[in-house]
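Peer 1: Could you have a look at this structure, given as structure tokens, before my questions?
The values are calculated or read from the model by the stated rules, or taken from the named source; none is laboratory data. What you see is a predicted model; the values in this text were computed from it and never measured. Cβ placement follows ideal geometry from the backbone for every residue including glycine, while neighbour counts extend to all protein chains displayed.
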Ligand SMILES: [Zn+2]
């Protein structure tokens, strides 16, 4: 059964590809399809966007953190859509791509919606679902891939179990139990159910009674369990000190961490070539010596650079390793920022290219944790 994942133009492409990679790391009968088409809501914004209706009750309560003001500014500036506008887009995408009624359409958007739900299924019946993609880090202090993937998987399961919103409302838990059916009024409360990754015994019984395919239920449970494990791996790093295994994947040599739910490092081809070079040299190499390794860096860059001419490839590499230019140091800083954003500062220290000026630069982590997947 296909679950088609789309994004609107305001939601960054990495959010969709990361969430899709995470969900697809739990194979099964549900197939999560990352759709390249991007939809837009701009036609609704000729006038200043309407303000959300429930800012104070849903978002403003109980938030008392230094970033509050910053968060509120972002929230207020973001346009707000009605559920109808969102689900009309889902219906258009379904038609354009000839997606059958049995398959799911999920739309990721950063925009607010008028009821301020974090995610919702189409009340009119079709298997459409949206997930709001922003602010998760603010509420959960964790990688937003996890709650977004959780919302998608639980949205699919809810649609298969319940006949509609009234049915759902008759069963959801007003008091949080750490169950998928906790009705979370605040993004903060979702933390409990995502971290627990559990389903209470009442809900298990209901899922069984309603005859949902055990293959689908099994896969969704393994997604919940996996998200929980990946989150814990990251959150417990400061205590456990467990450094994750790094995989280099396929022809494009993408860099991913399976124990963190296939978390990927989004490096551009030149940055990736430089990173792969330092992976090949655990002993470290001073930046000023890079011209001696030109052939090796050229070969790495050529293997991942999309269809550029040999001349262009050579020019870019020469510029990067030119000792009188600052290009290489700038790239190392950019890589450092991307790695730190992905892993958090503690874990990142093993994966950044480090070393004082004039000394060999190296990536410190133990190379026995490196796996090359052709
Ligand atoms: Zn329950």
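Peer 1: Can you find a residue in the stretch 21-29 that is in a helix (DSSP H, G or I), closer than 30 Å to residue 267 by Cβ and modelled with pLDDT of 95 or more? Show your work before the answer.
Peer 2: Of all residues in the stretch 21-29, those in a helix (DSSP H, G or I) come to 21-24.
This time we only want the ones that are closer than 30 Å to residue 267 by Cβ, so: 21-24.
If we keep only those that are modelled with pLDDT of 95 or more too, we end up with 23.
Yes: one or more hits.
Peer 1: OK, next. Can residue 199 be described as in contact with a helix residue (DSSP H, G or I) (Cβ under 6 Å, 6 or more places away or on another chain) and buried (at least 20 other Cβ atoms within 10 Å of the Cβ)?
Peer 2: Details: in contact with a helix residue (DSSP H, G or I) (Cβ under 6 Å, 6 or more places away or on another chain): no; buried (at least 20 other Cβ atoms within 10 Å of the Cβ): yes.
Criteria not met by residue 199.
Peer 1: Mind listing just one residue for me: the one in the stretch 179-196 that is within 13 Å of the ligand (Cβ to nearest atom) and surrounded by 16 or more Cβ atoms within 10 Å (Cβ to Cβ) and, of those, nearest to residue 147 (Cα to Cα)?
Peer 2: 193
Peer 1: Return only the number of the condition from (1) within 16 Å of the ligand (Cβ to nearest atom); (2) more than 26 Å from residue 31 (Cα to Cα); (3) without any contact (Cβ under 8 Å) to a residue 12 or more places away in the chain that residue 236 does not satisfy.
Peer 2: With (1) within 16 Å of the ligand (Cβ to nearest atom); (2) more than 26 Å from residue 31 (Cα to Cα); (3) without any contact (Cβ under 8 Å) to a residue 12 or more places away in the chain applied to residue 236, the lone miss is (1).
Peer 1: Residue check, residue 221 against (1) modelled with pLDDT of 90 or more; (2) within 16 Å of the ligand (Cβ to nearest atom); (3) within 23 Å of residue 261 (Cα to Cα); (4) surrounded by fewer than 16 Cβ atoms within 10 Å (Cβ to Cβ), all met but one. Which one?
Peer 2: (4)
Peer 1: Need the failing condition index for residue 241 against (1) out of contact with any helix residue (DSSP H, G or I) (no Cβ under 6 Å at 6 or more places or on another chain); (2) modelled with pLDDT under 95; (3) assigned by TED's automatic domain parsing to the domain that holds residue 338, just the number.
Peer 2: Looking at each condition in turn, residue 241 falls short on (3).
Peer 1: Identify the single condition in (1) closer than 20 Å to residue 162 by Cβ; (2) away from the ligand (no atom under 15 Å from the Cβ); (3) touching a residue at least 24 places away in the same chain (Cβ under 8 Å); (4) surrounded by fewer than 17 Cβ atoms within 10 Å (Cβ to Cβ) that residue 210 does not satisfy, given that it satisfies every other one.
Peer 2: Going through (1) closer than 20 Å to residue 162 by Cβ; (2) away from the ligand (no atom under 15 Å from the Cβ); (3) touching a residue at least 24 places away in the same chain (Cβ under 8 Å); (4) surrounded by fewer than 17 Cβ atoms within 10 Å (Cβ to Cβ) one by one, residue 210 breaks only (2).
Peer 1: A further question follows. Among (1) within 16 Å of the ligand (Cβ to nearest atom); (2) surrounded by 15 or more Cβ atoms within 10 Å (Cβ to Cβ), there is one condition residue 132 misses while meeting the rest; what is its number?
Peer 2: Result: residue 132 passes all but (1).
Peer 1: Further question on the same structure: What's the total number of residues in the stretch 257-277 that are surrounded by 20 or more Cβ atoms within 10 Å (Cβ to Cβ) and out of contact with any helix residue (DSSP H, G or I) (no Cβ under 7 Å at 6 or more places or on another chain)?
Peer 2: Residues flagged as surrounded by 20 or more Cβ atoms within 10 Å (Cβ to Cβ) and out of contact with any helix residue (DSSP H, G or I) (no Cβ under 7 Å at 6 or more places or on another chain) within the stretch 257-277 amount to 1.
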